[in-house]
Amino acid sequence: MSPPAKKRRTRADDAREAAAPDTTTEQPGEKAPSPTPEALEKPEQTTSATDGASKAQDRMARFKALQARAKNSSETNMKEVTRESQRLAEDPAQLTALRRRHDIAAHKLLKAETEDAGEDFERKRAWDWTVDESEKWDKRLKKKAAHRDNNAFQDYQAESNKVYKRQLKNLNVDLDAYTKQKLAAIEKAAAAGSLEIVETEDGEMIAVDKDGTFYATADSTSFTQNKPDKAAIDRLVADINRAEAQSLKKRKERQAKNGDDGDITYINEKNKQFNQKLARFYDKYTSDIRDSFERGTMI
């Protein structure tokens, strides 16, 4: 038996299908299907992936910042090391000697050129200085020559006087603070009645001490009530430490001249000479052993 023949589709059939209602559309009373768990997990996975990417970017940014900081620090350290090596390579004494030789050569050249021109060299040099500067310079040279002649030790009083003058020359006086303290002391004494401010005929104000308690004399003890500030105390401590360091340096220099720069290993002068004789012959063989004993590594 042959299969039934297919019915030919016409335009009328297409029109009926288009006019028929769609049964697959959602009815007004029906609810939308609930989303599946897989559909709910997808946004969470997307959010976690975004957070992980942002954290990775932050870590990468901090890592790059640390790398840049480390690179900058290494470059700065290298520049400082290079500058320090250059500074150590230059001997200040040689630079000073080189400048001195340059000044002497320039002085001799100027003197030779002036004499060749038939002029007075000292007179020409004096044109560059004023009278006051010239007098100050002559006074300085005279004082320097007197100090050079008086450099030898005379007695302890003269030595103390030289030290005192040197300390005064290096003393930095705060004139503003001194003026403020002076005005405060004058006002306090005037308020107490021991000091009287008198105006002279030319308008100058002077302080007159009534009972002799304001102006210091040989019997005055008011200086004991002075309370210096912390900066003055620090300067005093620094001066004392500098003096002690200078004294220690000179003592070491004297000991080095006498051969006493090392440890004291003798009991008298004869034993000292014997130890020096042993050191001349055997120090080159026992230096490692002595260094090991001093470090504490010798067994």
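Conditions first: (1) modelled with pLDDT of 85 or more; (2) open to solvent by less than 90 Å² (accessible area, probe 1.4 Å); (3) under 27 Å from Arg166 (Cβ atoms); (4) not aliphatic (A, V, I, L, M). Gln255 passes all but one, so which condition is the exception? Of everything listed in (1) modelled with pLDDT of 85 or more; (2) open to solvent by less than 90 Å² (accessible area, probe 1.4 Å); (3) under 27 Å from Arg166 (Cβ atoms); (4) not aliphatic (A, V, I, L, M), Gln255 misses just condition (1). When the residues of region 274-294 are filtered to those that are surrounded by 10 or more Cβ atoms within 10 Å (Cβ to Cβ) and of a type in the set (Phe, Trp, Tyr), which remaining residue is nearest to the chain's Cα centre (by Cα)? In this case the residue turns out to be Phe293. Among the residues of this structure, Lys210 counts as one that is surrounded by 10 or more Cβ atoms within 10 Å (Cβ to Cβ) and touching a Gly at 6+ places or on another chain (Cβ under 8 Å). May I ask you to list the residues in region 139-151 that are over 21 Å from Ala243 (Cβ atoms) and open to solvent by 70 Å² or more (accessible area, probe 1.4 Å)? Scanning region 139-151 gives Lys139, Arg140, Leu141, Lys142, Lys143, Lys144, Arg148, Asp149. All conditions in (1) among the β-branched types (Val, Ile, Thr); (2) modelled with pLDDT of 60 or more; (3) open to solvent by 80 Å² or more (accessible area, probe 1.4 Å) hold for Thr82, with the sole exception of (3).
When region 122-138 is filtered for residues that are surrounded by 10 or more Cβ atoms within 10 Å (Cβ to Cβ) and either more than 38 Å from the chain's Cα centre (by Cα) or touching a residue at least 12 places away in the same chain (Cβ under 8 Å) (or both), the ones remaining, listed by number, are Lys124, Arg125, Ala126, Trp129, Ser134, Glu135, Asp138. Taken over region 216-234, the criterion of being in a loop (DSSP other than H, G, I, E, B) and among the basic types (Lys, Arg) is satisfied by Lys227 alone.
From the list Gln167, Gln154, the one residue that fits, being open to solvent by 100 Å² or more (accessible area, probe 1.4 Å) and not in a helix (DSSP H, G or I), is Gln154.
The values are calculated or read from the model by the stated rules, or taken from the named source; none is laboratory data. In this text, all values refer to a predicted model and were calculated from it rather than measured experimentally. Cβ sites come from the backbone with ideal geometry, for glycine too, and all protein chains shown count toward neighbours. These area figures cover heavy atoms from the full protein model, side chains too; ligands, DNA and RNA do not enter into them. Shrake-Rupley method; radii C 1.70, N 1.55, O 1.52, S 1.80 Å.
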